[in-house]
Amino acid sequence: MNIPYTPAKSISVGGIRSYSSIKYIIIHYTGISGDSAENEVKFFATGNQRTAGAHFFVGQDGHICQSIKMSQTAKSVPQKRQAYTGGGTYLKKCTSGNSVSIELCDNLTKDPSPAQTEAVRQLVAYIQSICPNAQTFVRHYDVTGKLCPGRMTDCWTADTKKWQAFKAAITKKEEVEDLTKDETQKLIDESITKAVKQMKDYITELISGKDLPPSQWAVDEGVIEAGQEAGITDGSRPQGLAKREEVIGMIIRNNKRAGGDSD
């Protein structure tokens, strides 16, 4: 994916880690209305004063921006409970060091839009292509008990249906349509036809020597001019392949020039 990257201030960034050590993907929300992914990465690059950060920000419009490299730790979840009595089941299991954090923007009073959800799905697939062990999805709430993302926690809604639906949507793999036997054969036939045409065009061009000037050695030795003066060739197609009839014609013309017999 081509994701714009604006490096966060050092206060947001921890140490270096291997991609294989990453086991969790944490979903957060910024807790702000009307913010965008672009605004958030700029803030964490220049204005942030807290020991906090995230790798990616995703806007309601589906735009994704990166703030911290995945090879670096984002200071995203402390190893202590953050008030409230719910959540926290992954406390000290999921850490800033073994996770990638995704922040949802403009979700204080809004559920994730279809564009935002699809962007996160694509981002998850991208993360997993680089960090194959990142297979467990949690909320910030599941790690420390903080009501984040607020509209998908037990304390905000009667149950976790919104979170379960969102998690199902962002982990859904793209479906690859199965081709019928006839469709598969059609693709094969089209590929063969295209390959044969390309080969014929190549051979035709090779035989004709189209637009190919004489080789440098032929120019240096005056080969083409000598052949023209001798009446052996008209000088056309200097790098074209010669047919048998053309070769025989050159031999006959050369023998006549030398006063010999072509037999």
**OP:** From (1) within 24 Å of Ile130 (Cβ to Cβ); (2) assigned to a loop (DSSP other than H, G, I, E, B); (3) out of contact with any Ser or Thr (no Cβ under 8 Å at 6 or more places or on another chain); (4) small (Gly, Ala, Ser), pick out the condition that doesn't hold for Ser20.
**Re:** (2)
**OP:** Give the residues of region 60-94 that are part of a loop (DSSP other than H, G, I, E, B), within 28 Å of the chain's Cα centre (by Cα) and within 23 Å of Ile11 (Cα to Cα), sorted by residue number.
**Re:** Ser67, Ile68, Lys69, Met70, Ser71, Lys75, Ser76
Original post:
Of the residues that make up region 135-147, is at least one assigned by TED's automatic domain parsing to the domain that holds His55, polar (S, T, N, Q), part of a helix (DSSP H, G or I) and loosely packed, with under 15 Cβ neighbours inside 10 Å?
Top reply: no
Original post:
Does region 71-91 hold any residues that are farther than 22 Å from Cys131 by Cβ and of a type in the set (Lys, Arg), and which are they?
Top reply: Lys80, Arg81
**OP:** Could you check Ile3 against (1) assigned to a strand (DSSP E or B); (2) touching a Phe, Trp or Tyr at 6+ places or on another chain (Cβ under 8 Å) and say which number it fails?
**Re:** (1)
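The values are calculated or read from the model by the stated rules, or taken from the named source; none is laboratory data. Everything numeric here is computed off the predicted structure, so don't read it as measured data. All Cβ positions, even for glycine, are placed from backbone atoms using ideal geometry, and neighbour counts span all protein chains on display.
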